[in-house]
Amino acid sequence: MTLLLCGMAHAQTQPDSFVENFEELDESRWRIADGWSNGAWTANDWRRSQIRRVAQGVEITLARSRGGPKRYSSGELQSEEIYRYGYFETRLQAPRGSGLVTGFFTYTRPGAENTWDEIDIEILGRDTRSIQFTYFRHGQRHITTLPLGFDAADGMHTYGFEWTPRALRWYVDGRLLHQETGTNGPLPQSPQRLYLHLWNSETLTDWLGPILPWQGPWRLNVSCIAYAPRYDGQSLCVE
């Protein structure tokens, strides 16, 4: 009975499920990054002005800055809730362009590098036919790059990851593409916020390629972000 009650208590601490179709930009659910940057390794800052509602969801635009210390400005959403385990999903169309990253991920780093935990889905603008699945535990990075079988810049697709104490599983359009069970390094365990953003860099060119300004502005279209405490084998974001 004690074990059962403990299990029920843990389940009750999980945030509620949601499916966000962006009929409005709900700021009780999302923090909109505004007026700062992630540091020297990014070429953009975050501006509220770079996120807008459109007919099918939200559009994040990365474009030349109209002032400030960075050459470019873009948008980022952060969850108000903090999560530990569950299934996270988005439906989006990534932009194409050298130097860009579309990211959907959970993250925490409350102190030194050894407090850094993260779980990523990233699509690089230089190769939108591939996807990168990454996780960090105590600052140690583990990355896997896989072919998608389609071009993520050509249309909407569904991307998700399942986070449990013993495994990470990444899905694309409902198909399991990759799994980590800790054999390549310990899995993340710390509570984290959920993020979605578009950014670029002038310093990480070995990874991302150089920024080609004449290709911009670049637009990330997002029709859905969703969460559930556990994965039941079905997509949360309806096409």
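Numbers for the structure displayed
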{"item": "Nearest 10 degrees, 0 to 90: helix 2-12 Cα axis against the chain principal axis", "result": "20"}
{"item": "Residue (of GLN189, GLY160, SER74) at the positive-pole extreme of the chain, dipole from beta-carbon charges", "result": "SER74"}
{"item": "Fraction of antiparallel bridges per DSSP, the chain only, in percent to nearest 5", "result": "95"}
{"item": "Charge dipole (debye, nearest 20) of the chain; +1 at Cβ of Lys and Arg, -1 at Cβ of Asp and Glu", "result": "480"}
{"item": "Alpha carbon convex hull of the range 89-239, projected area averaged over orientations, nm²", "result": "9.0"}
{"item": "Estimated FRET transfer efficiency (THR203, GLN234; beta-carbon r; R0 35 Å; 0.05)", "result": "0.30"}
{"item": "The chain, accessible area per residue, ligands and nucleic acids excluded (1.4 Å, Å²)", "result": "48"}
{"item": "Accessible carbon and sulfur surface of the chain relative to its total accessible area, %, 1.4 Å", "result": "48"}
{"item": "Full-stretch length increase - ASN114, SER28 - with 0.36 nm per residue and alpha-carbon distance subtracted", "result": "27.9 nm"}
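The values are calculated or read from the model by the stated rules, or taken from the named source; none is laboratory data. Here the structure is a predicted model, which means the values were calculated and not measured. Every residue, glycine as well, gets a Cβ built from its backbone with ideal geometry; the counts of neighbours run over all protein chains shown. Areas reflect the complete protein model, heavy atoms only, side chains present, ligands, DNA and RNA absent. Shrake-Rupley method; radii C 1.70, N 1.55, O 1.52, S 1.80 Å.
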